[in-house]
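Chemist: Please see the structure below; I have some questions.
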Amino acid sequence: MMRGEEGPEWSEYLLPALRPTRAMAERELGFIVERAVANFLSEHAPEYRRKDITGILIDEEPLGGGFVNYSVKVAYTKVVEEQV
Amino acid sequence: MSVIQDYHLMFSDLSSNTLEIIRHTVTERGLWRVSKEEGFDLIREMYEKISSVYGFPTPSLIEDSYEYYFIPLERIGLPKVSLVSCLHEYRHHMQKMSRKRFEDVEVDARGWSISAFHYALPEDFDSAWRRGRIWYLPPYPGGE
């Protein structure tokens, strides 16, 4: 797991992947999100669970050789009630 | 890690047009009263109007399992209708357009979205805070 930065109730993960075409990027989004969630849970469970993930911010940075690095910030807090 | 608590006071100078669009979406269009499908359509309309205030392209919105903003495609995902959540993700879109006040993008988005709710709909904000329905705020002062 490649770790990025850390902030108040958010953790960043760096996920290398093959550079997608625009159409592929739409399909790949779901995989990227699930990989980030899995990384988050491997670090933060059992204190935080899937339901405590409040938001995910995904960016991509082109790498050489047909690869990209997705940087994914996973925000979390103890969710008791749904947000209005 | 220090805890930031005053998210609702961070953007006291928020655009009055934006606040009016939020008020209109909630009180006159009934964001919290309509069906989920209608609620998503109202959020799309609200995004369009707020984007025209700032001169930004409008992000797309889809229903998905998690709340997110995918920067390259300017796409927002939401699992349910939530005013604060949809504003939070919209702020990430604004950050892409170089609108950012706080270095930490999550702090910036929490501050903008919670402040927008606070200043647009102060009574609803107070009630939601009291019921613990705004993430990242501390317990309501003085308890329930």
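Where a number appears in this text, it was derived from the coordinates with a stated rule and is not lab data. What you are looking at is a predicted structure, and each value in this text was computed from that prediction instead of being measured. FYI the Cβ positions are ideal-geometry reconstructions off the backbone, even for glycines, and counts take in every protein chain you see.
Chemist: Tally the residues that are more than 28 Å from B:Phe102 (Cβ to Cβ), without any contact (Cβ under 8 Å) to a residue 40 or more places away in the chain and part of a loop (DSSP other than H, G, I, E, B), restricting the search to the stretch B:10-33.
Modeler: Looking only at that region, the number is 3.
The rows are residues; the columns are (1) surrounded by 19 or more Cβ atoms within 10 Å (Cβ to Cβ); (2) more than 10 Å from chain A (Cβ to nearest Cβ); (3) in a helix (DSSP H, G or I); (4) touching a residue at least 40 places away in the same chain (Cβ under 8 Å).
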{"site": "B:Arg99", "(1), (2), (3), (4)": "no, yes, no, yes"}
{"site": "B:Ala109", "(1), (2), (3), (4)": "yes, no, yes, no"}
{"site": "B:His118", "(1), (2), (3), (4)": "yes, yes, yes, yes"}
{"site": "B:Pro138", "(1), (2), (3), (4)": "no, yes, no, yes"}
{"site": "B:Gly143", "(1), (2), (3), (4)": "no, yes, no, no"}
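Chemist: Looking at the stretch A:51-59, is at least one residue away from chain B (no Cβ under 12 Å) and in contact (Cβ under 8 Å) with a residue 12 or more places away in the chain? First the steps, then the outcome.
Modeler: Residues of the stretch A:51-59 away from chain B (no Cβ under 12 Å): none.
No, that holds for no residue.
Chemist: What number of residues in the stretch B:47-94 are loosely packed, with under 15 Cβ neighbours inside 10 Å and in a loop (DSSP other than H, G, I, E, B)?
Modeler: 5
Chemist: For a quick check of your reading of the model, give me the residue pairs whose first member lies in the stretch B:121-133 and is touching a residue at least 60 places away in the same chain (Cβ under 8 Å) and closer than 20 Å to A:Val79 by Cα, whose second is crowded, with 17+ Cβ neighbours inside 10 Å and acidic (Asp, Glu), with beta-carbon atoms closer than 8 Å and at least 6 apart or on different chains.
Modeler: Pairs found: none.
Chemist: Being closer than 14 Å to A:Asp59 by Cα and either more than 12 Å from chain B (Cβ to nearest Cβ) or without any contact (Cβ under 8 Å) to a residue 40 or more places away in the chain (or both) is the filter; apply it to the stretch A:6-21 and report the residue that is surrounded by the fewest Cβ atoms within 10 Å (Cβ to Cβ).
Modeler: If we take residues in the stretch A:6-21 being closer than 14 Å to A:Asp59 by Cα and either more than 12 Å from chain B (Cβ to nearest Cβ) or without any contact (Cβ under 8 Å) to a residue 40 or more places away in the chain (or both), then A:Pro16 is surrounded by the fewest Cβ atoms within 10 Å (Cβ to Cβ).
Chemist: Among the listed residues A:Tyr48, A:Tyr76, A:Tyr70, which satisfies the condition of being more than 9 Å from chain B (Cβ to nearest Cβ) and touching a Gly at 6+ places or on another chain (Cβ under 9 Å)? Spell out how you get there, then give the answer.
Modeler: Details: A:Tyr48 fails: touching a Gly at 6+ places or on another chain (Cβ under 9 Å); A:Tyr70 fails: touching a Gly at 6+ places or on another chain (Cβ under 9 Å).
Of the residues listed, the single one that is more than 9 Å from chain B (Cβ to nearest Cβ) and touching a Gly at 6+ places or on another chain (Cβ under 9 Å) is A:Tyr76.
Chemist: OK, next. Check A:Phe67, A:Phe31, A:Phe40 and return the single one that is hydrophobic (A, V, I, L, M, F, W, C), under 15 Å from the mean Cα position of the chain (by Cα) and surrounded by fewer than 20 Cβ atoms within 10 Å (Cβ to Cβ).
Modeler: Checking each option against the conditions leaves just A:Phe31.
Chemist: Could you list all residues from the stretch B:32-60 that are more than 14 Å from chain A (Cβ to nearest Cβ) and within 28 Å of A:Arg50 (Cα to Cα)?
Modeler: First, pick out the residues of the stretch B:32-60 that are more than 14 Å from chain A (Cβ to nearest Cβ): B:34-35, B:37-38, B:40-42, B:44-58.
Passing the criteria: B:Val34, B:Ser35, B:Glu37, B:Glu38, B:Phe40, B:Asp41, B:Leu42, B:Arg44, B:Tyr47.
Chemist: Please work out which one of (1) surrounded by fewer than 17 Cβ atoms within 10 Å (Cβ to Cβ); (2) within 10 Å of chain B (Cβ to nearest Cβ); (3) at positive phi is the condition A:Glu81 fails and give its number.
Modeler: Condition (3) is where A:Glu81 drops out.
Listed here are the residues, each with its yes/no results for (1) of a type outside the set (S, T, N, Q); (2) within 21 Å of B:Glu74 (Cβ to Cβ).
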site: A:Ser11; (1), (2): no, no
site: A:Arg19; (1), (2): yes, yes
site: A:Ala25; (1), (2): yes, yes
site: A:Phe31; (1), (2): yes, yes
site: A:Arg35; (1), (2): yes, no
site: A:Ala38; (1), (2): yes, no
site: A:Gly55; (1), (2): yes, yes
site: A:Pro62; (1), (2): yes, yes
site: A:Gly65; (1), (2): yes, no
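Chemist: Within the stretch B:123-136, does at least one residue satisfy the condition of being closer than 30 Å to A:Glu28 by Cα and away from chain A (no Cβ under 11 Å)?
Modeler: Among the residues of the stretch B:123-136, not one is closer than 30 Å to A:Glu28 by Cα and away from chain A (no Cβ under 11 Å), which makes the answer no.
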